[in-house]
1. For ARG118, indicate whether it is more than 22 Å from ASP241 (Cβ to Cβ) and in a helix (DSSP H, G or I).
2. Evaluate the following for GLN156: is it open to solvent by 10 Å² or more (accessible area, probe 1.4 Å), among the polar types (S, T, N, Q), within 10 Å of the ligand (Cβ to nearest atom) and not in a loop (DSSP other than H, G, I, E, B)?
3. Only one of VAL102, VAL86, VAL61 is part of a helix (DSSP H, G or I) and closer than 21 Å to GLN156 by Cα. Can you tell me which?
4. Those residues that are open to solvent by less than 60 Å² (accessible area, probe 1.4 Å), within 16 Å of the ligand (Cβ to nearest atom) and closer than 16 Å to GLU125 by Cα, I need them from segment 226-253; list them, please.
5. Just to verify a result, which residue in segment 105-138, among those that are away from the ligand (no atom under 13 Å from the Cβ) and not aliphatic (A, V, I, L, M), is nearest to VAL227 (Cα to Cα)?
6. State which residue is farthest from LEU51 (Cα to Cα) when the search covers only segment 65-83 and only residues that are in a loop (DSSP other than H, G, I, E, B) and within 11 Å of the ligand (Cβ to nearest atom).
7. Would you say THR95 is near the ligand (Cβ under 7 Å from one of its atoms), open to solvent by 10 Å² or more (accessible area, probe 1.4 Å) and either at pLDDT below 95 or not in a helix (DSSP H, G or I) (or both)?
8. For segment 48-58, enumerate the residues that are in contact with a helix residue (DSSP H, G or I) (Cβ under 6 Å, 6 or more places away or on another chain) and either part of a helix (DSSP H, G or I) or farther than 26 Å from ARG118 by Cβ (or both).
Amino acid sequence: MASLPPALSGGKPAQRSGSPTPARAASAPPLPPSGLGLASDRARANMVDGLSRTGVRDPQVLDALMQVPRHQFVEPALASRAYEDVALPIGHGQTISKPSTVARMIELAAAHLPRARRPAARALEVGTGCGYQAAVMARVFGQVVSIERVRGLHEQARANLRSLRLSNLRLAFGDGHQGVAQGAPYDAIVVAAAGDAVPEPLLEQMRVGARLVAPVASGGRQALHLVERVSAGEWQLTVLDAVRFVPLRTGTT
Ligand code: SAH
């Protein structure tokens, strides 16, 4: 079963006691890599502009994309490409999803929640990777849990996210096929890797009325599936566009 450690940044000093790096918590967040300060703000604004022109409508999702410095989630050699609408390698054979994909998945997963309900909403991400999408989700939903099966990426995400101090985001290590029961029920679930079906525990961890968005593979193709839990025993599926995600794997490593 997945363990669920305390919140990442901890808004209150008490939550940080016992942390191995207390000095960091008291100091200002580190600056972005040199030369990327204003340039990255501009590049990010252009990226968000492009996304809004190509169909992302949810203002809160667009705001969230504007707030999260994507260049801090890729290795320095790739930082100059961080605001292109492309997937980039993050090590361990995995990729950071395209910004347009992140935007679409979160927009779909949050569409049933009016803005006023989002601060009280709970969301789960399966497949933390470098932590970028988790950070965007943490700007949209009140509480976010994200689970990753590759230890090295789980640690990398923790390091990438530290300076953002998102006290409403928790990272879990484990196989996301089981979901994270401790944080359930969720109002929104986003799966960032493609399986042959949506894992049963994820369906069970949805609140009635919740939405889940996941890529599902079949016959060598993948499509985005949107699942809505309409009652305790009924889920409604809508199959959306063709997509391309890394595979959802079993177990941890
Ligand atoms: N959310 C990331 C995308 C990461 S790619 C972003 O912000 O761009 C998908 C991730 O899913 C990979 O890191 C992969 O290791 C992870 N993954 C695959 N199968 C998984 C599983 N069963 N449980 C948890 N994570 C899984």
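The values are calculated or read from the model by the stated rules, or taken from the named source; none is laboratory data. For clarity, every value in this text was computed on a predicted model and none was experimentally measured. In this analysis, Cβ positions are derived from the backbone assuming ideal geometry, glycine residues included, and neighbour counts consider all displayed protein chains. The area values use the complete protein model at the heavy-atom level, side chains included, leaving out ligands, DNA and RNA. Shrake-Rupley method; radii C 1.70, N 1.55, O 1.52, S 1.80 Å.
1. Yes: the conditions hold for ARG118.
2. Yes: the conditions hold for GLN156.
3. Exactly one residue qualifies, and that residue is VAL102.
4. Passing the criteria: PHE245, VAL246, LEU248.
5. Selected residue: HIS112.
6. Looking at residues that are in a loop (DSSP other than H, G, I, E, B) and within 11 Å of the ligand (Cβ to nearest atom), I get VAL74.
7. It is true that THR95 is near the ligand (Cβ under 7 Å from one of its atoms), open to solvent by 10 Å² or more (accessible area, probe 1.4 Å) and either at pLDDT below 95 or not in a helix (DSSP H, G or I) (or both).
8. VAL48, LEU51, SER52
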